[in-house]
Amino acid sequence: MAKSEQPIARAWLTSVSTGVIELDIDWNDVPLPPLAPGDDSWNFATLKRAPLSLYAEEAAYFVNAAGELCFVLDPAAHSWIDFATMPVYVAGNFNGWQDAVGQEQWQLHPAELNGKNVYLVRVPTVHFWGEELRRFKFVTGEHRWLDAPQDATNVSLDETGHYNRSVRRDRTGRNLFTFTTVRPLRLSQPHSAAWLQDGKTTQKVKLRLERFFCDMHSDAPLGAQVRDSATFFALFAPRAKHVRLHFCQRLEQMDHAEVLELNHGDDGVWHGQIDRNLHGWYYWYGVTGPSDGFSRFPAGQKILDPYALAAVGREGPGIILAAVWVGEGDRSFRAPPWQDLVIAEAHVRDLTAHAPVPADGDERLGFTGLAKWVASPDFYLKKLGVNAVELQPVQEFDSRSREEYHWGYMTANFFAPASAYARDAVHASGVKELQALVAAFHRQGMAVILDVVYNHAGVPEHLMFIDKLYYFEMDDAGKLSNWSGCGNDVRCRSAMAQRLIIDSLVHLLTAYGVDGFRFDLAELIGVDVLREIETALKRMKPDVILIAEPWSFRGHIAAALRPTGYASWNDGYRDFLREYVCGRGAADKIEYYLKGSPWHFAFWPAQTVNYTESHDDRTWLDMITENDGFNGFRPTLNDRRRAHLMAAILFSSIGIPMLAAGQDFLRSKYGVANTYQRGDLNALDYRRIARYPATHAYFTAWIAFRRSPRGQLLRHFSRAPEGFFHAVYAPDKAGLALIYNADGGAGRTRLMFAVNPLKEDALIPLGDAAGWGWRLLADHECFYADGQQRPVLLEGADLFVPALGCSMWITER
């Protein structure tokens, strides 16, 4: 087989003195290939052919000495799978993809390889050595596909837009060579390996720092620590050549700040000490490092400490704060059990901009104004009846000025409260103001969930200037990964990135007393990291609320999160309800969602966060309006009826219901889809409560009912047994009636919810259940008070449900 003109495919270090070189094709010749260091900073101590099985760590396959093709799966990379009970198969275009499930010849079995426990299957190579490129993936017995890591050596995008691995006849494991170096290599400078031809270098490939580098870890205290009469500084910067601390007492001294050269430790942490108490001083770092495609160390860049407890702005500087001054937030509040939660997603400024409370323009920009509104007896969310608020990001984000409106999803620092929401950010007032805001919500009986963004970084990307390679996902050429859509996916799986995430979350729990977190684009954080976060946070707060947005542009992990303690935003629920209330959905699907999306999405009832609107995209009303241009500002009668159907379905569904603030008064953004910097469109117009009082009252009544003792049958801690639900479909197969506690196993009380999404009336045949003594509680317009006259809707054994109508019934049989 002819040798490639670019024979070296990749080269990487496995420690500071060992590494691997992967050739583009198998090297079957007995002599070693002509490899050499590509620079003068190191030399080979040894160079030898790697064990064939080592290739499986990169490619998930190798060909053993017997000529068998061995597919290999590392179970540690898929901790959400119970391998003891769930079979896993290799599937591809050689065995019909999904058709491989259930076939013993393609099932992986436990084995040991390279000192690790793995799952492996051996097959003859006759299936693979042909003209067609053989692609493969691993799939569970439940037909759940395991995503291939995009940085793997043999992953490519197919014609349908899916990432698959491939098997190549000329890469079987005989293309790998291991080496050791004469002396440990310096991480602060780039290194390369070269291919020699007639004694001359014809190709040079940079040595990548791989898993060992991302596994570098330190338990040393980080950030600025004030202790009595001294202040200690520590920054993790594993490839830095120099780290300089700049500090000053006043902002106007920044051009003449004091400078301290930090000392480098073996664990990648740089340390320094100033024998003064610097509480309230300002500081930043300067870092220099190697110049290569995997680095970005711009000269003169002021770097905000990732562990800074407060910041003047997105550029910094950080503010040194003594722990005793920061103190602790309100930790006396106990959040409701998850199954009892009713969440409202809201933005600090959207809630405050038009709030009917005495507050000046400056206060309405941030925490202080919102705290005033929350404390008011007329506070909107309190009157609505929700018991939890999910605040859009309040960590330091990259707005260019205090006045600029921003959703906050471009985080610049994970510890510091947003300076744009602080009245006096220069003096770290945001710390005390955020503490006061959380306490105000608690006094109103409302849990506080923070929307947190760890999957990408805002501008400036301070972590990029500390170590791009360590903190960010990129390809072999140094191009940043962009599955977030924001241009710089954070490598959350790196050990110190994971520690940074956990440390900042612990800080938010202790310093501010928040009750939980919603993780933006959690798919990019990864299931294994999310598990570590869960373990760490529940160790200090067992009832912490954990919610994932379980997707990114790369994939979806809701199924993988089922064995964890995370609830997930249910995008399938959201999308289906928009269709269903417009008459484009089937009864069996709405039955599934009313039951809490069991098994496929949610392993336990409160694992699904049911919602129909969030900050993203158009509002609910704009999505379903009959008006042109998605503009629901003046809703039609049918728009309003469909909003009522949605509310009734939402609050009758098993799981955690979530509203976007303003849904209850038919909020519209005039059809605009992306309003991340449109404060004028996002600000809540409370006058719409007066315009649509019946709709507001309808939402409020449903929330009150769900949270009441009579609504207990809608709030499940554990999965309901068989027989709890009984569904009856309308003849049109769109409407249905669903009975809760049909078998009486949960006591005498039963509920029945009926819905008809069509523009024609429906009769639903209840059979014997029609004689159970049902009493109407609510319909598509209102809840009925005791003694109030109700319409007659039961006609013999049939239940009448008018067009675009619904009803909730109760019996104690």
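What the table below lists for this structure:
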read-out	value
Listed residues Thr46, His556, Ala152: farthest to the positive end of the dipole of the chain (Cβ charges)	His556
Relative contact order of region 54-110, pairs being alpha-carbon contacts under 8 Å that are 6 or more residues apart, as %	22
Point-to-point label distance, Arg634-Ala36, nm (Cα→Cβ direction, 7 Å offset)	8.1
Bins of 5 Å, starting at 0 and running to the largest distance - Cα pair percent for region 611-713	2, 13, 23, 24, 19, 11, 5, 2, 0
Accessible area of Glu142 in the full protein assembly, 1.4 Å probe (Å², nearest 10)	90
Arg169, Arg423, reordered so the largest accessible area comes first (probe 1.4 Å)	Arg169, Arg423
Cα gyration tensor shape of region 522-589, rounded if a/c is under 1.5, else prolate or oblate by comparing a/b with b/c	prolate
Relative contact order of the chain, defined on C-alpha pairs under 8 angstrom at six or more residues apart (%)	9
Accessible surface of the chain, 1.4 Å probe, proportion on carbon and sulfur as whole %	51
Option label - Rg/Rh (Cα atoms, Kirkwood Rh) computed here, alternatives (1) 0.95; (2) 1.01; (3) 1.06	(2)
For Leu176, solvent-accessible area (1.4 Å; no DNA, RNA or ligand), Å²	0
For the chain: accessible area per residue (Å², 1.4 Å)	38
Theoretical ellipticity at 222 nm over the chain - DSSP helices of four or more residues, -39500 (n - 2.57) apiece, nearest 500	-5000 deg cm²/dmol
Ratio Rg/Rh [Cα only; Rh per Kirkwood] for region 1-137	1.01
Spatial separation of Cα centroids for region 219-269 and region 125-164, in angstrom	47
Chymotrypsin sites (Phe, Trp or Tyr not before Pro) restricted to region 557-613 and DSSP loop, no more than 10 other C-beta within 10 Å	none
Unsatisfied cross-links (Cα-Cα over 31 Å) in the set Lys302/Lys538; Lys241/Lys479; Lys432/Lys595; Lys589/Lys669	Lys302/Lys538; Lys432/Lys595
Exposure rank, largest accessible area first [Glu258, Glu104; 1.4 Å]	Glu104, Glu258
For Val672, solvent-accessible area (1.4 Å; no DNA, RNA or ligand), Å²	50
Distance from region 395-452 to region 588-617 (C-alpha centre basis), Å	30
Per-residue ³J(HN,Hα) for region 371-379, Karplus 6.51 cos²θ - 1.76 cosθ + 1.60, θ = phi - 60°, Hz, x for Gly and Pro	4, 4, 5, 4, 6, 5, x, 9, 3
Unit charges on C-beta of K, R, D, E only; dipole of the chain, Debye	800
Which of Ile810, Ala746, Gln789, positive extreme of dipole for region 746-813 (C-beta unit charges)	Ala746
Convex hull volume of region 336-445 per residue (C-alpha atoms, cubic angstrom)	102
Where N is the number of residues in region 352-407, Cα Rg divided by 2.2 N^0.38 Å	1.22
Solvent-accessible ranking of His716, His556, largest area first, probe 1.4 Å	His556, His716
Three-way shape call for region 453-600 based on the alpha-carbon gyration tensor, with the a/c threshold at 1.5	oblate
Dipole of the chain, positive end: most advanced residue of Ala440, Gly565, Gly161 [Cβ charges, Cα centre]	Ala440
Extension gain, His556 back to Gln789 (0.36 nm per residue minus Cα-Cα distance, nm)	79.0 nm
Rounded FRET efficiency, nearest 0.05, which uses the C-beta distance separating His217 from His109 and R0 of 41 Å	0.80
Percent RCO, i.e. relative contact order, over region 367-421, from Cα pairs under 8 Å lying at least 6 residues apart	32
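The values are calculated or read from the model by the stated rules, or taken from the named source; none is laboratory data. Computed from a prediction, not measured in an experiment: that's the story for all the values here. Here Cβ is always computed from backbone atoms with ideal geometry, including for glycine, and neighbour counts include all displayed protein chains. With ligands, DNA and RNA removed, areas are computed over all heavy atoms of the protein, side chains included. Shrake-Rupley method; radii C 1.70, N 1.55, O 1.52, S 1.80 Å.
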